[in-house]
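Here is the structure we will look at.
The values are calculated or read from the model by the stated rules, or taken from the named source; none is laboratory data. Computed from a predicted structure; not experimentally measured. A quick note on method: Cβ atoms are made from the backbone with ideal geometry, for glycine too, and the neighbour counts reach across all protein chains shown. All accessible areas refer to the heavy atoms of the entire protein, side chains included, with ligands and DNA or RNA removed. Shrake-Rupley method; radii C 1.70, N 1.55, O 1.52, S 1.80 Å.
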Amino acid sequence: MVSTAYTHVLTLLAVSVLAVVIFQRMRMPSSLGYLLVGAVVGPHALGLVPDADHNRVLAEFGIVFLLFTIGLNFSLPQIMAMRNLVFGLGTSQVAFTTIAVGIGVWLMGYDPATAFVVGAVVAQSSTTIISKQLAEQGEDQSRHGRLGVAMSVFQDVTAVPFVVVIPVLGMASDASLAWPLGVALFKAVVAFVLVFLAGRWLLRPLFHEVAARRSAEVFTLTVLLVTLTAAGITQSFGLSMALGAFLAGMMLGETEFRHQIESTIRPFRDVLLGLFFVTIGMLLDVSTLPEIWHLALAGALAMLLAKAVLVAIIVHVAGVNRPTAVRTGIVLAVGGEFGFALLAIALDSRVITGELAQLVLTAVLFSMVLAPFFLRHNGWFANRVARKPVASTDGLPLAADADGRQVGHVIICGYGRIGQNVGRFLEEEKVAYVALDMDPARVRDAHAAGMQVYFGDSSERDILEAVGAAHARLIVVAHDDLGAARKVLHHVRVTGWPVKVMVRTRDESPVAELFELGATEVVPETLEASMMIASHTLLLAQVPPKRVLRRMRAAQANRYELLQELYLTDEPVVGRADEIPLTERLHSVQIIGGAGAIGLTLNELQLAGCRMHALVRNGERSTSPAGDTTLAEGDTLVLFGSPDQLDLAQATLLQPRPEPAAPAAAPQTG
């Protein structure tokens with residue numbers, strides 16, 4: 001007998017997969033698909049899945065992991081380094097939007113606490129919708145695109161105080177609000193100090209020890225333990241679990257493990273966050289849409305207009321020209337997923353009524369549905385408002401990408417001997433680079449020395465995305481893990497990142513395969529060592545340096561073709577590190593008496609796919625004999641090919657010439 005809970009889980013999974021696939025094909029955010037699933041299968045529509053308590057608990061974990069990830073991307077030093085943008089434009093946008101919308105709701109007759117929550121919800125913007133739509137339009141690197149994405153990401157940081165304040169509003173009356181709010185802020189400061197000290201004295205050594213075990217299972221368990229422990233600490237203080245997760249993420253964001261941690265936590269975050277959006281969708285009462293859709297649509301349009309105007313004014317006052325400021329305002333006008341999290345916290349704290357929550361939820365949903373249209377035509381709206389073209393150089397300077405990521409850098413996969421030498425040369429040429437390595441001791445020493453070296457598996461797509469592979473100029477695979485190199489090339493090919501990839505290999509055997517997989521350049525270590533020794537040999541033999549350099553460049557341009565033509569033994573050689581697996585090689589075949597090849601021209605030979613490298617006759621070697629040269633007994637052919645090809649070619653060349661048929665005997669007569 002299948003249990004009811006099991007049926008509910010299967011129903012959610014099946015409908016969620018279908019909805020997410022459809023929304024992704026429509027190039028719409030997956031979060032809208034999850035919201036639609038909750039609205040359709042929830043208790044207010046088909047009633048296939050009840051709004052059970054266990055669903056809410058799992059959904060709360062989704063918010064926890066979301067805040068943890070945000071904290072990873074905003075470490076304390078990073079926030080301090082970008083304080084002008086965070087506490088300037090980002091904070092101003094959230095504060096003024098919350099105040100303006102809150103006053104409007106308060107004038108409509110709602111109490112101040114409710115008005116504050118509605119203002120906080122409206123102040124959020126969807127980073128997912130903004131970044132994806134701008135990237136599709138080719139505006140993600142534009143001035144308004146970078147500003148819009150930066151401010152939307154910073155909203156997540158500046159919105160953390162709402163997580164502290166909103167639960168307090170539900171526990172206190174207007175007359176006694178100051179004291180519980182002060183106590184809550186004091187508890188938040190204490191929690192921050194505790195997590196800060198734990199991050200300084202416990203978390204980094206803990207992850208060093210765990211990473212040294214080289215166990216993905218232990219690493220994942222540790223990440224989950226740290227996240228939920230931090231969330232439990234703040235919950236024990238009467239604060240939100242999400243606050244503790246954010247603080248833990250912020251502390252770990254300072255360590256060299258943050259990219260690997262983010263990659264590890266992402267699957268849990270995405271699944272639980274999807275469940276969170278499903279539970280939010282369950283709050284949507286579809287039966288009330290005929291009554292409130294016009295109010296929700298009017299609220300969505302009012303929200304889009306109010307946020308666009310407020311943001312445009314703030315950005316323009318900061319020094320950005322008017323057209324760019326207007327376009328930035330349009331970009332940030334859309335509602336955001338984090339607003340749903342604040343709305344859920346407010347509902348649990350009974351700060352907002354269910355009827356108003358329905359209206360606000362529907363209005364935010366409408367704004368997210370309308371967002372692609374406004375984003376797609378933001379230039380047209382800006383030109384109509386500003387009545388002059390957008391200037392791209394004046395205003396607020398942005399030296400880096402909007403969310404702090406590097407652009408045009410080099411990613412070094414593997415920070416061993418070769419990776420470190422590559423990094424030194426890049427550093428001398430002032431070329432920015434980020435290195436990834438799985439040796440915690442090496443990463444610790446390099447990170448402590450101020451190098452951009454992080455603990456992470458470079459064969460994972462999430463890790464490459466975290467270090468900006470989509471915006472890098474080059475990926476250097478400096479380790480000799482051929483399987484990991486194949487995965488890196490696969491990720492680059494599947495995602496379509498416009499980045500070159502150079503791969504180091506131990507020998508030349510996988511060169512052709514790696515080029516087929518999309519490598520821009522493959523550098524076999526044994527062949528490069530041979531080239532260096534050969535170049536020094538030629539120089540010591542007094543060959544002119546220019547000629548030596550020309551020969552070396554020609555060998556590299558021909559993909560080391562000459563250096564791959566080697567004589568190799570058929571016997572295994574123990575203890576010889578310079579021997580490579582048998583692939584293609586050189587082999588000499590001497591034409592013996594009676595061989596079928598005698599008397600044939602070189603053009604007539606059947607070589608089984610081998611390439612003729614040279615002809616040796618009477619002790620004289622010719623690397624380019626004429627095709628009409630006739631083979632004679634005692635000639636030696638130097639062939640290049642695989643062992644099977646060489647065996648077949650040799651058998652064909654040395655096959656005895658067929659004996660001429662004997663004349664038929666004359667018939668005897670009686």
Requested in this report: Sort 111-124, 263-276, 633-646 for me by packing, meaning the mean count of neighbouring Cβ atoms within 10 Å per residue, highest on top.
Outcome: 111-124, 263-276, 633-646
Query raised in the report: Between Leu197 and Asp270, what length comes free when the chain is fully extended (0.36 nm per residue of separation minus the Cα-Cα distance, one decimal in nm)?
Result: 23.4 nm
**Report entry** Separation of the Arg547 and Thr629 label points, Cα + 7 Å toward Cβ, nm
**Finding:** 2.3
Report summary line: So, over other residues within a Cβ distance under 12 Å of Leu224, counting Lys, Arg +1 and Asp, Glu -1, the net charge is 0
Query raised in the report: Taking the mean number of other Cβ atoms within 10 Å as a proxy for protection, how do you rank 499-507, 290-298 from highest to lowest?
Result: 499-507, 290-298
**Report entry** Amide proton proximity set for Tyr454, modelled H, under 5 Å, gap of 5+
**Finding:** Ala435, Leu436, Asp437
**Report entry** Residue-wise HN-Hα coupling along region 333-343, computed from phi with Karplus coefficients 6.51, -1.76, 1.60 (Hz; x: Gly, Pro)
**Finding:** 6, 5, x, x, 5, 5, x, 5, 4, 5, 5
Report summary line: Amide H proximity to Ile475 below 5 Å, modelled H, separation 5+ or other chain, gives Ile411, Lys500, Val501, Met502
Query raised in the report: Over region 406-550, how many percent of alpha carbon pairs lie in each 10 Å bin up to the one with the longest distance?
Result: 11, 38, 32, 14, 4, 0
Query raised in the report: Is the shape of region 297-389 rounded, prolate or oblate, going by the alpha carbon gyration tensor and its root eigenvalues a ≥ b ≥ c, with a/c under 1.5 for rounded and a/b larger than b/c for prolate?
Result: prolate
Report task. Over region 453-519, average the accessible area per residue using a 1.4 Å probe and give it in Å², no decimals. Result -> 41
Report task. Report the full-extension gain for the segment His536 to Thr520: residue separation times 0.36 nm, less the Cα-Cα distance, to one decimal in nm. Result -> 3.0 nm
Query raised in the report: For region 248-306, what does the alpha-carbon gyration tensor say about shape, rounded, prolate or oblate, given a ≥ b ≥ c as the root eigenvalues, a/c under 1.5 as rounded, and a/b over b/c as prolate?
Result: oblate
Requested in this report: May I ask you to give the solvent-accessible area per residue for region 284-373, in square angstrom, as obtained with a 1.4 angstrom probe?
Outcome: 37
Query - Hz values of 3J(HN,Hα) by residue in region 291-296 - Karplus curve (6.51, -1.76, 1.60), Gly and Pro given as x - result: 8, 10, 4, 5, 5, 5
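Hey, any idea what % of region 240-380's accessible area is carbon plus sulfur with a 1.4 Å probe? Before the final figure, lay out each step's value.
On the way: 3260 of 4620 Å².
C and S atoms contribute 71 percent here.
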